[in-house]
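Presented below is the structure to which this report refers.
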Amino acid sequence: GSGYQSAVLSKLVRRVYTIERIKNLFIKAENIFKDLKISNIVPKYADGNLGWKEQIPFDRIIITAATSNISKEIASQIHEEGIIVSPMVRENRQIIVKYKKINNVLESETYDDVLFVPNLSGIE
């Protein structure tokens, strides 16, 4: 929403691709990146559930809304041995899960309870 996570990640990696589904949040984050003179973030206004086919494969994907499953669409966009981190809804609670793609299968490792906004599809 605010672009904070992307701004922090931009200091750690060569390039950050970020998708925002809410137009006014997309515009605000884009302006913050310009004001901070951060040039290695590529923002996109779209439904993040669809990923970003034009930029695949990704080494890492961070999903920042609680979801019940990792879609085949997203799983197909991660590089072999790539990592996806996502808050997952399990038995009426949210947990953070790290997935690693091994032989085209996502292997998971579960971490602590978390609380994120729900994952919604579409754009606003």
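The values are calculated or read from the model by the stated rules, or taken from the named source; none is laboratory data. As the structure is a computational prediction, the values presented were derived from the model and not from experiment. Neighbour counts run over all protein chains shown; Cβ positions are idealised from the backbone, glycine included. Protein only, heavy atoms only, side chains kept; ligands, DNA and RNA dropped before computing areas. Shrake-Rupley method; radii C 1.70, N 1.55, O 1.52, S 1.80 Å.
Observations
- Output for the stretch 35-56, where each listed residue is exposed (fewer than 11 other Cβ atoms within 10 Å of the Cβ) and more than 23 Å from residue 71 (Cα to Cα): 35, 37, 39
- Of all residues in the stretch 100-117, those being closer than 11 Å to residue 67 by Cα and open to solvent by less than 90 Å² (accessible area, probe 1.4 Å) number 1.
- Residue count for the stretch 84-99 satisfying the condition of being more than 11 Å from the chain's Cα centre (by Cα) and either surrounded by 15 or more Cβ atoms within 10 Å (Cβ to Cβ) or among the aliphatic types (A, V, I, L, M) (or both): 7.
- Looking only at the stretch 56-81, and only at residues there that are in a loop (DSSP other than H, G, I, E, B) and either of a type in the set (Ser, Thr, Tyr) or more than 13 Å from the chain's Cα centre (by Cα) (or both), the one that is nearest to residue 93 (Cα to Cα): 68
- When residue 87 is tested against (1) touching a residue at least 24 places away in the same chain (Cβ under 8 Å); (2) outside any strand (DSSP E or B); (3) out of contact with any helix residue (DSSP H, G or I) (no Cβ under 9 Å at 6 or more places or on another chain); (4) not hydroxyl-bearing (Ser, Thr, Tyr), just one condition goes unmet, and that condition is (2).
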